[in-house]
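Working notes, structure below.
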Amino acid sequence: MSNPTLTFLGAAGTVTGSKFLVQTDGHQVLVDAGLFQGLRKLRRRNWEPFPVQPPEIGGVVLTHAHLDHCGYLPALVREGFAGPVVCTEGTSELAAIVLKDSAYLQEEDARYAAEKGFSKHSQPRALYTAQDVARALTMLQPVDFGRTVEVCPGVEVTLQPAGHILGSASAVLDVAGHQVTFSGDLGRPEHPLLRPPPPPPASETIVVESTYGNRNHLDSEIDELAAVVTRTIERGGTVLIPAFAVDRTEVVLIALDRLMNAGRIPQVPVYVDSPMALRALGVYRQALAVGSPEFRTDLEPGVLDPRDVREAHTADQSMALNRPAKPCIIVSASGMASGGRVVHHLRHLLPDRDNSVVLVGFQAAGTRGRSLVDGATEVKMHGRYVPVNAEIVQVDGFSVHADADEIIAWLGSTPSPPKVVYVVHGEPAASAALAERIRSELGWLAVVPRDGERVRLD
């Protein structure tokens, strides 16, 4: 029998592009198939030949439906991958929404770039198409939390809740008798909708995310949101909140509703302008209605039906929000302002000092959202530069990623120490800081793997 190995093909030295290749006795399983996002040099990697032949991959395990974890799957399928894709029911439903939207936006961006002539490519094209997505979705094989299934000979997987978004999971793999736990993206103990993740099982190897590995979320950030919304509305402006369509939109809507009910922000219309976010909201509502055990037991009635929320479904409804008739709040995807309808709103709203842009999640290096956080005086959209005069505020407390203290607490709750922890899915400083805390506070071997590095699991 060959020695089982793990190779880091993404999310090593960066936050996006999660891909971890497990190999044993001639069989290969890929844990997550995410897109690289942010810096151009990272995005270019999405177009490079995959390091192993996709037809040789026996199966894929998806931890959840965010694009940086599932967005490369249609490209794998296009290149010949034909195995099962193991995930939860929630991930299956949300991945269908996310991947269809991803293909649509890529095809639209390619068409728009060709039409306007601002691409450096003579014939701009999409990374994958709606047809590739349709084929990929037929391969999804939803399984219940806690049920062990064989992905391919020598590799079994059990999914346990991760509390990050609906359907999110930590993947516990048995690789030829060696236990490996992939945290996926970990949720927070205080997620307003979902139960916190349970402790990780005893494992020889743990692969843990580190998005917020060098900092903690602040309890005061709900106050900061209330303050920026209030002062923006009082000066007659519009509040634009770029938000991830899956889960972050729900979290933001709940927070705004609670602030309005408490009289802490003015009563103004709240527009959700993202077809994908509205479809995801429907999945959440249905899961809550049928009593999904992923939800907290202390939720108030109507928590996913806040008042004063208006839905912008059509392109005309969206365009009307570029110049609102009166002060309002617009929640629109994407969360890092890298694509979607929010880009059009930014183009129209950023030049006006009365407006504000509130960034409510992690902003990867190289994204438009990160440029705004870093103080850019102008940003480029659709081939032209736009001045940044609006107020820019980052409110990290709405992230549904565990912070550094919460990750350490989750790791420390395992019934027995692992032999090694690999720290991934973080910018270099965050991963290094978390690895050092694992060494000093838990006394474990912790390693920040290099991109492309292969390690033994035996």
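The values are calculated or read from the model by the stated rules, or taken from the named source; none is laboratory data. These numbers were taken from a predicted model, which means no experiment stands behind them. So basically every Cβ, Gly included, is an ideal-geometry build from the backbone, and we count neighbours across all protein chains shown.
Which one is surrounded by the fewest Cβ atoms within 10 Å (Cβ to Cβ) among residues in segment 1-16 that are assigned to a strand (DSSP E or B) and of a type in the set (S, T, N, Q)? So that I can check it myself, show each step before the final result.
Start the filter on segment 1-16 by keeping residues that are assigned to a strand (DSSP E or B), which leaves 5-8.
Restricting the remaining residues to those that are of a type in the set (S, T, N, Q) gives 5, 7.
Working: 5: 16, 7: 19.
This residue is 5.
Of the helices (runs of 4 or more DSSP H) entirely within segment 17-113, those holding at least 2 residues that are under 15 Å from the mean Cα position of the chain (by Cα) occupy 67-70. When the residues of segment 271-308 are filtered to those that are among the β-branched types (Val, Ile, Thr) and not in a loop (DSSP other than H, G, I, E, B), which remaining residue is farthest from residue 241 (Cα to Cα)? Once the filter is applied, the top-ranked residue is 283.
A quick yes/no check of all residues on (1) buried (at least 21 other Cβ atoms within 10 Å of the Cβ); (2) in contact with a helix residue (DSSP H, G or I) (Cβ under 9 Å, 6 or more places away or on another chain); (3) in a loop (DSSP other than H, G, I, E, B):
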| residue | (1), (2), (3) |
| --- | --- |
| 202 | no, no, yes |
| 206 | yes, yes, no |
| 225 | yes, yes, no |
| 260 | no, no, no |
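Can you name the residue in segment 341-353 that is in contact with a strand residue (DSSP E or B) (Cβ under 7 Å, 6 or more places away or on another chain) and assigned to a loop (DSSP other than H, G, I, E, B) and, of all such residues, is nearest to residue 42 (Cα to Cα)? Break it down into steps so the answer makes sense when it comes.
First pass over segment 341-353, keeping only residues in contact with a strand residue (DSSP E or B) (Cβ under 7 Å, 6 or more places away or on another chain): 341-343, 345-347, 349-351.
Right, trim to assigned to a loop (DSSP other than H, G, I, E, B) and you get 350-351.
Details: 350: 27, 351: 29 Å.
Per the criteria, the residue is 350.
Going by the structure shown, is residue 72 in contact with a Lys or Arg (Cβ under 6 Å, 6 or more places away or on another chain), touching a residue at least 24 places away in the same chain (Cβ under 8 Å) and of a type outside the set (A, V, I, L, M, F, W, C)? The answer is no for residue 72.
The single condition among (1) surrounded by 20 or more Cβ atoms within 10 Å (Cβ to Cβ); (2) assigned to a strand (DSSP E or B); (3) β-branched (Val, Ile, Thr) that residue 149 does not satisfy is (1). Under the condition of being within 22 Å of residue 413 (Cα to Cα) and free of Cβ contacts under 8 Å to residues at least 12 places away in the same chain, the residues counted in segment 149-190 number 1.
Being within 18 Å of residue 206 (Cα to Cα) and assigned by TED's automatic domain parsing to the domain that holds residue 211 holds for only one residue in 26, 13, 34, 58, and it is 13. Looking at segment 354-458, the helices (runs of 4 or more DSSP H) lying wholly inside it that each contain 2 or more residues that are in the same structural domain as residue 240 (by TED's automatic domain parsing) and crowded, with 20+ Cβ neighbours inside 10 Å sit at 368-373. Considering segment 296-312, the residues that are of a type outside the set (D, E, K, R) and either closer than 20 Å to residue 256 by Cβ or not assigned by TED's automatic domain parsing to the domain that holds residue 343 (or both) include one that is farthest from the chain's Cα centre (by Cα), namely 301.
Among residues belonging to segment 336-345 that are in contact (Cβ under 8 Å) with a residue 60 or more places away in the chain and out of contact with any Pro (no Cβ under 8 Å at 6 or more places or on another chain), point out the one that is farthest from residue 36 (Cα to Cα). Full working, then the answer.
Pass one, segment 336-345, residues in contact (Cβ under 8 Å) with a residue 60 or more places away in the chain: 336-342, 345.
Next, from what is left, pick out any that are out of contact with any Pro (no Cβ under 8 Å at 6 or more places or on another chain): 338-341, 345.
Values: 338: 12, 339: 14, 340: 17, 341: 21, 345: 24 Å.
Among residues in segment 336-345 that are in contact (Cβ under 8 Å) with a residue 60 or more places away in the chain and out of contact with any Pro (no Cβ under 8 Å at 6 or more places or on another chain), the one farthest from residue 36 (Cα to Cα) is 345.
Which one is nearest to residue 8 (Cα to Cα), of the residues in segment 177-208 that are touching an Asp or Glu at 6+ places or on another chain (Cβ under 7 Å) and at pLDDT below 95? If we take residues in segment 177-208 being touching an Asp or Glu at 6+ places or on another chain (Cβ under 7 Å) and at pLDDT below 95, then 188 is nearest to residue 8 (Cα to Cα).
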